[in-house]
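Quick notes on the structure that follows.
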Amino acid sequence: MANALAIAGGPRLTDREWPRWPQPGERALKSLEDVLTSGRWTISCAYQGRQSYERQFAEAFANYCRSALCVPVATGTAALAIALEACGVGAGDEVIVPGLTWVASASAVLGINAVPVLVDVDPQTYCLDPAAVEAAITGRTRAITVVHAYSAVADLDSLIDIAQRHGLPLIEDCAHAHGARYGDWPVGAFGTAGVFSMQGSKLLTCGEGGALVTDDADVANRAEHLRADGRVLRPEPVGVGEMELEETGRLMGSNACLSEFHAAVLLDQLALLDGQNTHRIRAAEHLESRLGEMGLTVQETSPGTTGRAYYRFMVRLPDEVLAVAPVDRIAGALTAELGFAVMRTHRPLNDNPLHRPASRRRFATDAHYLEQVNPARFDLPVAKRLHDSVVSFGHEVLLAPLDAIDDIARAFRKVLDNVRDISR
Ligand SMILES: *Cc1c(COP(=O)(O)O)cnc(C)c1O
């Protein structure tokens, strides 16, 4: 049968080559060669007579986020843990974490011996539900972390209001949202600190990397200590062969410095980010209108959003379709038609094999703590419903031309029309 589903042995809808990620820019090779021969591969080695790539990136990214200060670090997880600790969060403190996100949002909290309190998300935006946050706050809550998830910006107006009323720092986890805007400002500029991952799948990447941005000089200073073994960059110029990092001993840290190679690649990628985001937005809006004609709904963003960043494009399947075939079968059928990976959401963190604090001896400090961090004690019905009804694909696909984007809509049409063939 000519229009049988590819997953059932029919012809694929398209054999086209989809864009891949990451994509190097023009300056990267030259910058990497420059680092190689510079005599300084990281800021924790002696000064060699010119500004480090790390400092160049920190200035450029603070500027990009319209924040006063940026502290680059080795991973997004480190950025999140350091931001929390720099805001005064520590052992046994409760931190609000959205229940539908990558495991790092919770593991970073465990990493500073605090307690991730998993809170449900909004059914339209898939981001932290402000009412659920309010209900989860206790006398032990010390911070709220919010993820701008997949392709949405969270309801920052409500969350800032809650944080202010309770005197809590708000940490924005912007790992999915480099370049998104809310009101007049880029994300990351709203919280006490904004945290970014530059891991290989992210919109701005150097393979592995991270950063935090803040307007608070004390938070930035503590973050610098925390990421460089208790050392901070000296304010005054140093001579060649001297250390730019000064041992203050004011706050103990560990090593999460970003290498010069990574900083050089990030500078190269930052120059490309806005252009890529513009392309993705055009493709996403085109696809959203094509899918809307078939009665499919996509992830919404909160009303204050003035610029979206698409990390993953998320499509909610109608109940009548899900009554015939489960979401994983539909994702598999779409993957077979299109030749790129169509997947489900992350697994909700109260039922996620990657989030198992009890599997690590380091968290067995006492029975009470283990009970507090037990993911199964949280109820996340909206996150579960989304996990059972949403399919998604990565942002690199949105860098394809619009006629290719039409193929995606056609694949949805074909799979929905033939959904009986994959029922079980
Ligand atoms: C990727 C990611 C992180 C962690 O970043 P790493 O650089 O992988 O450590 C944190 N939060 C979210 C939401 C992420 O997607």
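The values are calculated or read from the model by the stated rules, or taken from the named source; none is laboratory data. This is a predicted model, so every value here is computed, not measured. Neighbour counts run over all protein chains shown; Cβ positions are idealised from the backbone, glycine included. The area values use the complete protein model at the heavy-atom level, side chains included, leaving out ligands, DNA and RNA. Shrake-Rupley method; radii C 1.70, N 1.55, O 1.52, S 1.80 Å.
Values computed for the structure shown
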item	result
Meets criteria (over 30 Å from residue 36 (Cα atoms) and over 20 Å from the mean Cα position of the chain (by Cα)) for residue 287	yes
Flag if residue 407 is open to solvent by less than 50 Å² (accessible area, probe 1.4 Å) and assigned to a helix (DSSP H, G or I)	yes
Hey, residue 265 among the β-branched types (Val, Ile, Thr), touching a helix residue (DSSP H, G or I) at 6+ places or on another chain (Cβ under 7 Å) and open to solvent by 10 Å² or more (accessible area, probe 1.4 Å) or not	yes
Selection within segment 127-165 - closer than 20 Å to residue 106 by Cβ and of a type in the set (Lys, Arg)	140, 142
Among (1) open to solvent by 70 Å² or more (accessible area, probe 1.4 Å); (2) in contact with a Gly (Cβ under 7 Å, 6 or more places away or on another chain), the one test that residue 349 misses	(1)
Matching option when the condition is open to solvent by 10 Å² or more (accessible area, probe 1.4 Å), at pLDDT 95 or above and within 14 Å of the ligand (Cβ to nearest atom), among 111, 90	111
Filtered residues of segment 202-243 (kept if surrounded by 21 or more Cβ atoms within 10 Å (Cβ to Cβ) and charged (D, E, K, R))	202, 222, 224, 227, 231
Residue within segment 163-171 that is of a type outside the set (S, T, N, Q), crowded, with 19+ Cβ neighbours inside 10 Å and within 30 Å of residue 276 (Cβ to Cβ) present	yes
Residue list for segment 94-108, restricted to those being open to solvent by less than 10 Å² (accessible area, probe 1.4 Å) and within 11 Å of the ligand (Cβ to nearest atom)	97, 98, 100, 101, 105, 106, 108
Test result for residue 181, basic (Lys, Arg) and either surrounded by 24 or more Cβ atoms within 10 Å (Cβ to Cβ) or modelled with pLDDT under 95 (or both)	no
Neighbours by Cβ (under 8 Å, 6+ apart or cross-chain): first from segment 375-389, farther than 11 Å from residue 352 by Cβ; second aromatic (Phe, Trp, Tyr)	386/126
Count of residues meeting criterion [open to solvent by 30 Å² or more (accessible area, probe 1.4 Å) and either under 30 Å from residue 185 (Cα atoms) or of a type in the set (S, T, N, Q) (or both)] in segment 312-341	3
Complete set of residues in segment 186-204 that are over 12 Å from residue 73 (Cβ atoms), more than 9 Å from the ligand (Cβ to nearest atom) and of a type outside the set (Ser, Thr, Tyr)	186, 187, 188, 189, 190, 191, 194, 203, 204
Segment 365-392: number of residues that are farther than 20 Å from residue 349 by Cα and either touching a helix residue (DSSP H, G or I) at 6+ places or on another chain (Cβ under 6 Å) or surrounded by 16 or more Cβ atoms within 10 Å (Cβ to Cβ) (or both)	0
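For (1) outside any loop (DSSP other than H, G, I, E, B); (2) touching a Pro at 6+ places or on another chain (Cβ under 6 Å); (3) touching a residue at least 12 places away in the same chain (Cβ under 8 Å), each residue gets a yes or a no:
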residue: 10; (1), (2), (3): no, no, no
residue: 15; (1), (2), (3): no, no, yes
residue: 19; (1), (2), (3): no, no, yes
residue: 24; (1), (2), (3): no, no, yes
residue: 30; (1), (2), (3): yes, no, no
residue: 33; (1), (2), (3): yes, no, no
residue: 37; (1), (2), (3): yes, no, no
residue: 40; (1), (2), (3): no, no, yes
residue: 44; (1), (2), (3): no, no, yes
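Matching residues to (1) open to solvent by 10 Å² or more (accessible area, probe 1.4 Å); (2) near the ligand (Cβ under 10 Å from one of its atoms); (3) closer than 20 Å to residue 87 by Cα; (4) in contact with a Phe, Trp or Tyr (Cβ under 6 Å, 6 or more places away or on another chain):
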{"site": "115", "(1), (2), (3), (4)": "no, no, yes, no"}
{"site": "120", "(1), (2), (3), (4)": "yes, no, no, no"}
{"site": "124", "(1), (2), (3), (4)": "yes, no, no, no"}
{"site": "133", "(1), (2), (3), (4)": "no, no, yes, no"}
{"site": "138", "(1), (2), (3), (4)": "yes, no, yes, no"}
{"site": "142", "(1), (2), (3), (4)": "yes, no, yes, no"}
